[in-house]
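The values are calculated or read from the model by the stated rules, or taken from the named source; none is laboratory data. Please read these numbers as outputs of a predicted model, since none were measured by experiment. Every residue, glycine as well, gets a Cβ built from its backbone with ideal geometry; the counts of neighbours run over all protein chains shown. When the accessible area is computed, the model is the full protein with side chains, heavy atoms only, and any ligands, DNA or RNA have been set aside. Shrake-Rupley method; radii C 1.70, N 1.55, O 1.52, S 1.80 Å.
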Amino acid sequence: VTASAFGMSLGPGLAAVLGYWCPLGEGVEIEGVARRWWTVETAPGWVMFVLWGVYLIATLFYFEEPERKIKATKTNLNVEKTAEEMLPIAHSDISESGSGSGSGGSDKPTPSRSYIPIYIILANYFFLKFTLESLLSSAEPVTGFHFSWSSSQVGMYLALLGLLLFPANLLVAHASQKGYEDRYLVLFFLVATTVGCIGMREYFMPLSVPQYIVFGFTVFVSTNALESVSMGLLSKKIPKSWAVGTFNSGLLATEAGTAGRAFGDMCISWVAKSWGGFGLLLNHLFGVCAVVSVFMFGGVWRWYDLLDEGDDDDDE
């Protein structure tokens, strides 16, 4: 999460610097001819081309595949997974009382309570990515509509958002060292996210710059801190059988986050088109985020006892 914060602050900050260096619509003069290969639109692409080229070359020459040691006794477990091991459904225990004259519905499979924390964490991850994408993707049109900010000003704002994650992550680490459980921190950051979403809306006065900055900081920091705590809790609750193969916990978390970001972008487009453009975008968008955050808080509160940090190992 900290590395991600550094990337999120460096990217918009670099774009802002390039925006000041190369104003909109102006190219670089080469031999008296204005060739528009280095403009405010293309400059970030050229910078990323160079960075990714260096990364590709370094990977080709220096990356080595780590050795994977698989115990012979667990070959069948890692290769031949049964349907019962891969599906998050556990067969209910069959009561063996007396002559077996119990009620006839005890043989039906029921969802295992051990998988409920995983569902909650993944739903939490989807929600926080949806909220975070709603904030970041709407920043430029919303600030341009309300405050007439330029692209460079929006880039500096997003860069400052990313830099705030460093002290926030230090506070999260300090709270964990002081003995606060991950499930408690999840509740705390859900409350902070709800407050931030409510504060982002317009009420009796037009949206002000201090209001947008303060509550934007609140939403950004709380959702990223929530991601850090949620992923830590997921690593402690995930069964070992979900840590092998292609369809593992890492893929589930990645897909949940990707779906949240995609859904956030779709909601921005839908709200802007259907509810009067960018004027009411924050009200409708973050109103939905606040409602979902309350429901997520209720889910975590309902299953709070199952979100303890004990290891849930399903391997014998």
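At a glance:
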read-out: Scan of the range 187-202 for residues that are without any contact (Cβ under 8 Å) to a residue 40 or more places away in the chain and either open to solvent by 60 Å² or more (accessible area, probe 1.4 Å) or outside any helix (DSSP H, G or I) (or both), ordered by number; value: Phe188, Val195
read-out: Only listed residue being in contact with a Phe, Trp or Tyr (Cβ under 8 Å, 6 or more places away or on another chain), within 30 Å of Asp308 (Cβ to Cβ) and of a type in the set (A, V, I, L, M), chosen from Ile213, Ile116, Ile121; value: Ile116
read-out: Residue in the range 292-305 that is farthest from Glu202 (Cα to Cα), counting only those that are open to solvent by less than 80 Å² (accessible area, probe 1.4 Å) and of a type in the set (Val, Ile, Thr); value: Val300
read-out: Residues within the range 169-180 that are over 16 Å from the mean Cα position of the chain (by Cα) and either open to solvent by less than 70 Å² (accessible area, probe 1.4 Å) or closer than 18 Å to Thr218 by Cα (or both), tallied; value: 7
read-out: Subset of the range 31-55 (residues that are open to solvent by less than 100 Å² (accessible area, probe 1.4 Å), at pLDDT 85 or above and over 18 Å from Leu18 (Cα atoms)); value: Gly53, Val54
read-out: Count - residues of the range 246-285 that are in contact (Cβ under 8 Å) with a residue 60 or more places away in the chain and charged (D, E, K, R); value: 2
